[in-house]
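A short write-up of the structure that comes next.
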There are 2 protein chains.
Amino acid sequence: MYKKKELQDIISTAFHTADFHSAPSSLYDPIKYMMELGGKRLRPLLTLMSCDMFGGNINEALAPAMGLELFHNFTLLHDDIMDQAPLRRGKETVFKKWNTNSAILSGDTLFVMAYELVTKTTPALLPQVLELFNDTARKVCEGQQYDMDYEYRGDVSIADYILMIRLKTAVLISCSLKLGAIIAKASDREADLIYAFGENLGLAFQLQDDYLDVFGEEDKFGKEIGNDIVTNKKTYLYLKAFERAGGSSLEFLSKHFNEKSIPVKEKVKTITGIYRELQIDSVTRALIDEYFAKALSIIEQINIPADKKQTLLEIAGQMVNRES
Amino acid sequence: MYKKKELQDIISTAFHTADFHSAPSSLYDPIKYMMELGGKRLRPLLTLMSCDMFGGNINEALAPAMGLELFHNFTLLHDDIMDQAPLRRGKETVFKKWNTNSAILSGDTLFVMAYELVTKTTPALLPQVLELFNDTARKVCEGQQYDMDYEYRGDVSIADYILMIRLKTAVLISCSLKLGAIIAKASDREADLIYAFGENLGLAFQLQDDYLDVFGEEDKFGKEIGNDIVTNKKTYLYLKAFERAGGSSLEFLSKHFNEKSIPVKEKVKTITGIYRELQIDSVTRALIDEYFAKALSIIEQINIPADKKQTLLEIAGQMVNRES
């Protein structure tokens with residue numbers, strides 16, 4: 001069994017030695033730039049860990065694992081255009097540094113490169129790998145569409161929100177884990193279990209992100225706190241607050257979310273205060289714990305000695321208890 | 001052997017009964033709209049013809065053939081954003097009817113759906129099919145990038161232009177034909193020959209498009225004549241004219257291409273006149289004939305009775321002698 005650090009080093013080396021460049025440079029420079037912005041490389045790590053846990057050869061999983069990271073970056077590249085986001089990991093986004101057309105086309109090319117890597121696997125496994133990856137890619141697009149739609153919808157429910165983050169975030173976590181299982185030639189049952197584990201873990205992971213956006217510490221989070229509040233994003237915290245608020249606190253909440261004249265810092269402070277009064281922090285933590293517990297109960301059903309699950313459980317725990 | 005009309009009916013029925021709809025409708029409505037705009041469905045037709053010619057079962061080629069049409073439409077959907085094109089087949093483009101974000105994301109989803117269909121084939125053929133399709137998809141993106149780059153470059157050569165149309169247009173024609181050959185389990189040599197045939201045919205096909213844009217008849221062409229002249233597009237005709245023009249005609253050409261105050265109709269008429277004087281019409285036709293002759297000499301090397309090649313040769317002839 002590999003340790004987390006060892007796998008991270010393998011992934012890091014693979015990305016450092018990978019050559020994303022080709023002609024024309026106007027197409028590939030943005031791709032190289034995007035891939036060099038870094039990130040935690042969480043998805044390939046999950047693929048290798050899962051492959052290792054199921055007794056597979058991680059060398060066979062490395063190219064497909066990298067493919068998932070390329071896919072993730074492709075979605076970020078296009079999302080940044082759609083969100084008109086100026087910064088990504090503290091640096092200019094591709095569409096800002098180049099232009100929208102470059103970002104569209106470099107993104108498309110990155111998507112092709114993701115397919116090239118994901119399908120660099122044993123031919124016999126290709127049908128399964130493709131079915132998983134195609135399904136995941138489509139769902140991630142659907143999730144992003146829901147996310148955009150919700151911005152203009154006044155009737156978003158908590159169930160709608162969970163559906164959205166399941167599609168936009170959780171299924172790629174599931175896919176990363178299941179891909180490792182497929183390459184390790186795990187049984188269908190095991191592959192499905194690790195997928196279900198990933199889905200619950202992914203939901204907890206995204207909810208943790210929403211939680212940190214409000215209750216995190218700026219130094220550790222690495223991003224400005226309260227961005228979701230400033231942009232009126234309909235996160236679980238927002239939706240739950242409106243659900244729990246009654247009478248005067250509901251009025252106060254509505255007023256503060258819709259009033260454009262309130263200074264940003266004051267708005268964040270006030271809304272955070274209401275969230276605390278409504279115990280949105282503990283309610284959110286409880287839901288994170290619930291999804292995480294569900295994930296744990298699922299991985300328990302996989303018939304593998306507990307010590308082999310340790311590395312994966314460790315990273316899973318970090319994903320939902322992280323501060324950044 | 002199937003007749004052209006029979007294959008067209010099979011493809012048409014397949015598209016009419018295909019269900020491109022799913023949730024959320026905000027994501028799938030633009031896809032449905034795009035696919036219902038129609039078009040000649042030339043690429044799937046080539047796949048089925050090639051499959052049939054090599055003795056394959058066209059039913060096995062139908063889904064992948066449709067996948068190529070979806071891919072083609074995905075590229076058009078994103079190209080229309082990049083070109084800010086208001087119309088496609090006489091109707092509003094997706095980004096105009098919806099918005100840029102919808103067009104980006106629906107395009108991405110259509111790309112996934114293309115992969116789903118292209119890879120709906122005998123598992124044993126998947127590695128070959130994927131290698132071909134990934135390579136093609138990447139090249140088409142590169143071609144589009146060169147096309148955008150050339151707009152701002154003053155040093156585009158005829159060789160640069162041929163490279164661009166080879167990538168942007170010809171390789172998808174090649175891919176369509178080779179895909180049919182792979183599914184028919186043709187030999188590698190045969191698959192490579194039909195690919196090379198397609199590349200030369202594809203170049204002739206694109207040059208015919210450029211030719212019609214200037215020398216076609218508006219009623220038959222279905223689009224306004226002279227659009228490439230109006231937009232100063234560096235087509236083969238444009239580049240050849242600058243190459244052949246000398247002295248006063250070169251000056252005249254430069255002036256008319258760069259002078260913004262000349263009314264559009266007058267510009268088209270004047271430039272077309274210079275093109276005729278410089279015999280750009282016959283020079284272009286000669287190049288089209290050259291590529292077509294090359295294509296024919298390649299398909300002759302395929303060891304199949306001439307009568308079995310007839311349907312494909314017929315459509316190939318129409319592609320380079322078409323008026324629309």
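In the set (1) within 30 Å of B:ASN99 (Cβ to Cβ); (2) surrounded by fewer than 21 Cβ atoms within 10 Å (Cβ to Cβ), the condition left unmet by A:GLU69 is number (2).
Here's the yes/no breakdown for (1) surrounded by 17 or more Cβ atoms within 10 Å (Cβ to Cβ); (2) more than 9 Å from chain B (Cβ to nearest Cβ); (3) within 16 Å of B:THR100 (Cβ to Cβ):
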residue: A:THR100; (1), (2), (3): no, no, yes
residue: A:MET113; (1), (2), (3): yes, no, no
residue: A:THR121; (1), (2), (3): yes, yes, no
residue: A:GLN128; (1), (2), (3): yes, yes, no
residue: A:ARG138; (1), (2), (3): yes, no, no
residue: A:GLU142; (1), (2), (3): yes, no, no
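In this structure, A:ILE162 does not satisfy being surrounded by 21 or more Cβ atoms within 10 Å (Cβ to Cβ), of a type in the set (A, V, I, L, M) and in a helix (DSSP H, G or I). The C-beta contact set for region A:65-84 (first residue within 9 Å of chain B (Cβ to nearest Cβ), second residue of a type in the set (Ser, Thr, Tyr), distance under 6 angstrom, 6+ apart or interchain) comprises A:ILE81/A:THR100. Filtered by the rule that a residue be within 15 Å of A:ASP210 (Cβ to Cβ), outside any helix (DSSP H, G or I) and touching a helix residue (DSSP H, G or I) at 6+ places or on another chain (Cβ under 7 Å), region A:232-257 gives A:ASN232, A:LYS234, A:THR235. Restricting attention to region B:20-43, does a residue exist that is of a type in the set (S, T, N, Q), touching a helix residue (DSSP H, G or I) at 6+ places or on another chain (Cβ under 7 Å) and surrounded by 21 or more Cβ atoms within 10 Å (Cβ to Cβ)? Checked against the condition, which is being of a type in the set (S, T, N, Q), touching a helix residue (DSSP H, G or I) at 6+ places or on another chain (Cβ under 7 Å) and surrounded by 21 or more Cβ atoms within 10 Å (Cβ to Cβ), region B:20-43 yields no hits at all. Selection of region A:144-155 for residues being within 7 Å of chain B (Cβ to nearest Cβ) and without any contact (Cβ under 8 Å) to a residue 12 or more places away in the chain yields A:GLN145, A:ASP149. Inclusion of B:LYS96 among residues that are within 24 Å of B:GLU151 (Cα to Cα), more than 8 Å from chain A (Cβ to nearest Cβ), out of contact with any Lys or Arg (no Cβ under 6 Å at 6 or more places or on another chain) and free of Cβ contacts under 8 Å to residues at least 60 places away in the same chain is warranted.
Within the option set A:LYS265, A:LYS260, A:LYS269, being without any contact (Cβ under 8 Å) to a residue 60 or more places away in the chain, assigned to a loop (DSSP other than H, G, I, E, B), outside the structural domain of A:PHE54 (by TED's automatic domain parsing) and out of contact with any Ser or Thr (no Cβ under 6 Å at 6 or more places or on another chain) holds for one residue only, A:LYS260.
Against the list (1) closer than 22 Å to B:GLU199 by Cβ; (2) of a type outside the set (Ser, Thr, Tyr); (3) within 14 Å of another protein chain (Cβ to nearest Cβ), the condition B:PRO24 fails is (1).
The values are calculated or read from the model by the stated rules, or taken from the named source; none is laboratory data. Keep in mind that what you see is a predicted model, and the values were worked out from it rather than measured. Because the Cβ atoms are built from the backbone with ideal geometry, glycine has one as well, and the counts that use them run over all protein chains shown.
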